[in-house]
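Data block below; observations after.
The values are calculated or read from the model by the stated rules, or taken from the named source; none is laboratory data. From a predicted model like this one, the values you see are computed outputs, not experimental measurements. Every residue, glycine among them, receives a Cβ derived from its backbone with ideal geometry; neighbour counts consider all protein chains shown. Ligands, DNA and RNA are excluded from the accessible area calculation, which covers all protein heavy atoms including side chains. Shrake-Rupley method; radii C 1.70, N 1.55, O 1.52, S 1.80 Å.
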Amino acid sequence: MTGKEFLELDSPQQRLILERVKRMEIIQKMFNELPKADQNLCNHGKYFLAANSSLCGLAANNFFRSILHVRKASLVSAMPMAVIPFLSTAAVYEVFVHDPLFSGQLNCEVCAVIRGGLVGAVVGGLYPIFLAIPLNASLAARYMSTPLPGKENLLRYWLTTAQPVFRKMSLGILVQALTGLFLATKQHGIYIKMLLQMNTSRDPEELPE
């Protein structure tokens, strides 16, 4: 590689990437020095939200089974309604809240809190209900527990059928939204604590401006 090529590689974009990587390394170092309680909240808090999502999935599944008079395959329907919402909620929270926050890409407290609330309400509360509809519809059709309408009335039928389930699950959705808000607020507070420690203890040349 010639000197000219080396200079061309040292572009503003490359310097920005290197600065971001260095900043993430410093944030990770500061994170490892946090109290265990703060580390556990940041690393495992999403699983509490995900566990609540599993409970919402199981509750929604039971409501639809009761409405559709499905009496068979209880374990078959319960397993995906517990596992899929858990994995989905944990993954979405990690991608949209935790990772951007602790990589320095999400500094806005309001943005972080709104993201946490939305993940809790939509993925942790509403998604399990919508997931239960096709699952229980297929079971009702397979075991002929309830007459299902034709394609022309399908949408109206499921809107009518799902209304009481959404009403019963409204408290669960609210709890999930508040849990997501609380979790994002606490994690953002821990992130701010790390930044304050970083600003007071770091070498002036350690972290680029």
Every residue in segment 115-127 that is open to solvent by less than 70 Å² (accessible area, probe 1.4 Å) and more than 14 Å from V175 (Cα to Cα), please. none
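For segment 7-18, check the following and say yes or no: at least one residue is at pLDDT 80 or above and open to solvent by 80 Å² or more (accessible area, probe 1.4 Å).
no
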How many residues are closer than 18 Å to F64 by Cβ and not β-branched (V, I, T) when one looks only at segment 75-108? 8
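Within segment 21-40, identify whether any single residue is within 24 Å of L126 (Cα to Cα), assigned to a helix (DSSP H, G or I), modelled with pLDDT of 85 or more and open to solvent by 80 Å² or more (accessible area, probe 1.4 Å), and answer yes or no.
No: segment 21-40 contains no residue that is within 24 Å of L126 (Cα to Cα), assigned to a helix (DSSP H, G or I), modelled with pLDDT of 85 or more and open to solvent by 80 Å² or more (accessible area, probe 1.4 Å).
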Within segment 146-175, how many residues are over 27 Å from S53 (Cβ atoms) and of a type in the set (G, A, S)? 1
Look through T161, T185 and report the one residue that is touching a helix residue (DSSP H, G or I) at 6+ places or on another chain (Cβ under 8 Å) and under 25 Å from Y93 (Cα atoms). T185
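Residue by residue, here is whether (1) of a type in the set (S, T, Y); (2) assigned to a loop (DSSP other than H, G, I, E, B); (3) open to solvent by 70 Å² or more (accessible area, probe 1.4 Å); (4) touching an Asp or Glu at 6+ places or on another chain (Cβ under 9 Å) holds:
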residue: G45; (1), (2), (3), (4): no, no, no, no
residue: F48; (1), (2), (3), (4): no, no, yes, no
residue: N61; (1), (2), (3), (4): no, no, no, no
residue: F64; (1), (2), (3), (4): no, no, no, no
residue: R71; (1), (2), (3), (4): no, yes, yes, no
Restricting segment 162-194 to residues that are within 30 Å of L135 (Cα to Cα) and among the charged types (D, E, K, R), the residue that is surrounded by the most Cβ atoms within 10 Å (Cβ to Cβ): K168
